[in-house]
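K.L.:
First, the structure itself, so that you have it in front of you.
The values are calculated or read from the model by the stated rules, or taken from the named source; none is laboratory data. The structure displayed is predicted, hence computed values, not measured ones. Virtual Cβ from ideal backbone geometry, glycine too; neighbours counted across all protein chains shown. The accessibility values were calculated without ligands, DNA or RNA, using every heavy atom of the protein model including side chains. Shrake-Rupley method; radii C 1.70, N 1.55, O 1.52, S 1.80 Å.
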Amino acid sequence: MTLSHHANKRCQQRGITPDLILVLEALGMEICQKGNSYVLQLDKKTQRSLSKRLKSLFMQVQKNIFVVISDDETVITAAHKH
């Protein structure tokens, strides 16, 4: 997704990161607007679910894990570093 100059400026002013825009692209609801555009937003249920999942993910990230991936992009195994 390309950000206009205006959108880039507003994101900086409002603390909206590129990662958050990716989340909205992946999980957001599309609401049509006038002028061939739409709004992407998370509904309350998705916000709560995502919040729980991110907390869990944060705890897992701190456990120093790794995965082994084959050249055809198949995850072969996953483990904790010791």
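K.L.:
Could you sort the peptides 22-33, 69-80 by per-residue average Cβ neighbour count (10 Å cutoff), highest mean leading?
P.N.:
Descending mean neighbour count gives 22-33, 69-80.
K.L.:
Let me ask you something else. Which FRET efficiency value, to the nearest 0.05, is calculated for Val23 and Asp71 with the Förster distance at 25 angstrom and r the Cβ-Cβ distance?
P.N.:
0.30
K.L.:
Would you work out what percent of the accessible area of the chain, with all protein chains in place, is carbon or sulfur (probe 1.4 Å)?
P.N.:
56
K.L.:
Counting other C-beta atoms within 10 Å, and keeping those with at most 13, which DSSP coil trypsin sites (Lys or Arg not before Pro) do you find in the chain?
P.N.:
The qualifying sites are Lys34, Lys63, Lys81.
K.L.:
Now for a separate question. Can you work out the accessible area per residue across the range 23-82, with the rest of the protein chains kept in place, probe 1.4 Å, in square angstrom?
P.N.:
91
K.L.:
Next question, about the same structure. How much length is gained on full extension from Ala79 to Arg48, taking 0.36 nm per residue of separation minus their Cα-Cα distance?
P.N.:
My answer for the length gained is 8.3 nm.
K.L.:
Another one. By a straight-distance test (C-alpha under 30 Å), which lysines pair with Lys81 as possible cross-link partners, with residues fewer than eight away in the same chain excluded?
P.N.:
Lys52, Lys55, Lys63
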